[in-house]
Amino acid sequence: MVLNAPDGTEVGTTFSPLGDARSRSDLIVESIRAAILGGKLAAGELLVERRLADELQVSKTPVREALIVLARSGLVEVARNRGSAVRLLTLPEVRQIYEMRALLEPWAVASAIGNPAADFAQAERALDEAAGFERVGDVGNHALANRRFHRAMYQDCENEFIVDALDGLQDLTALATVSVLWENWPTWRDESTEHRAILEAARAGEPQEASNLVRAHIERTVERIRERSALR
């Protein structure tokens with residue numbers, strides 16, 4: 001940024017360009033996230049900073065920073081006397097996550113469809129990526145590709161607060177998918193078909209139809225959990 005004096009003369013720059021390279025902390029966050037969602041770090045497993053630092057060949061400081069980021073996203077739990085551990089989600093918690101999505105996401109997708117600037121090419125790419133991961137049995141990356149699809153569908157919503165709220169559920173939803181839902185209900189093929197139908201409705205300019213499909217898609221999971229809980 002160039003600063004100017006009151007008379008308009010240039011007096012120098014404030015910052016140098018940062019470039020677009022990702023920081024080491026970002027890469028560590030992604031590595032730990034992938035290990036959790038890929039099942040290499042199990043739900044409930046303690047995350048020892050020194051061991052993670054040794055395996056990643058970095059110092060403890062960026063690992064500690066990464067665990068703080070992952071704790072904010074919900075993937076990691078931090079206990080005062082226990083340290084950090086991979087979050088272990090219960091069925092009631094998963095139900096609550098999906099109930100919140102069912103309240104917000106259908107409206108957000110309909111709003112995004114009404115935005116003339118909306119582009120659903122990212123959503124289609126995410127579905128293609130998910131199909132590729134499904135073929136090779138990469139559960140963690142499959143779940144993340146599904147999350148990218150959902151975000152691409154609502155990202156152009158007019159309400160930034162709703163976008164932020166849904167973004168905050170991204171990691172928890174992916175963790176719920178791989179550690180709870182697909183373990184109990186292997187529904188990934190049905191979900192892929194439902195995703196395609198949502199995308200087709202969006203591209204056809206049918207916000208109400210897309211909203212109804214999103215709501216039904218999410219509420220199926222809520223109903224499965226309620227039925228399972230009623231049997232206990």
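Ellipticity at 222 nm from helices only: DSSP H runs of n ≥ 4 in the chain, each -39500 (n - 2.57), divided by the residue count, give -20500 deg cm²/dmol. Sequentially through the range 166-171, phi angles give Karplus couplings (6.51, -1.76, 1.60; θ = phi - 60°) of 5, 4, x, 9, 4, 5 Hz, Gly and Pro residues having no value and appearing as x.
Taking amide H positions as modeled 1.01 Å from N, with prolines and chain starts lacking one, the residues under 5 Å from Val76 and 5 or more places away or on another chain are Ala71, Arg87.
Evaluated over the Cα positions of the range 48-164, the convex hull gives a direction-averaged projected area, one quarter of its surface, of 9.9 nm². Placing R0 at 25 angstrom, the Cβ-Cβ distance between Ser192 and Asp167 gives a FRET efficiency of 0.65 after rounding to 0.05. With an a/c value of 1.5 or above and a/b not larger than b/c for the gyration tensor axes a ≥ b ≥ c computed over the alpha-carbon atoms, the chain is described as oblate.
Tell me, what is the percent relative contact order of the chain, built from C-alpha pairs under 8 Å that lie six or more residues apart? Across the chain, relative contact order equals 23 percent.
Rule-based calculations on the coordinates, nothing more; no lab input. In this text, all values refer to a predicted model and were calculated from it rather than measured experimentally. Positions of Cβ are generated from backbone atoms using ideal geometry, with glycine treated the same way; all protein chains shown enter the neighbour counts.
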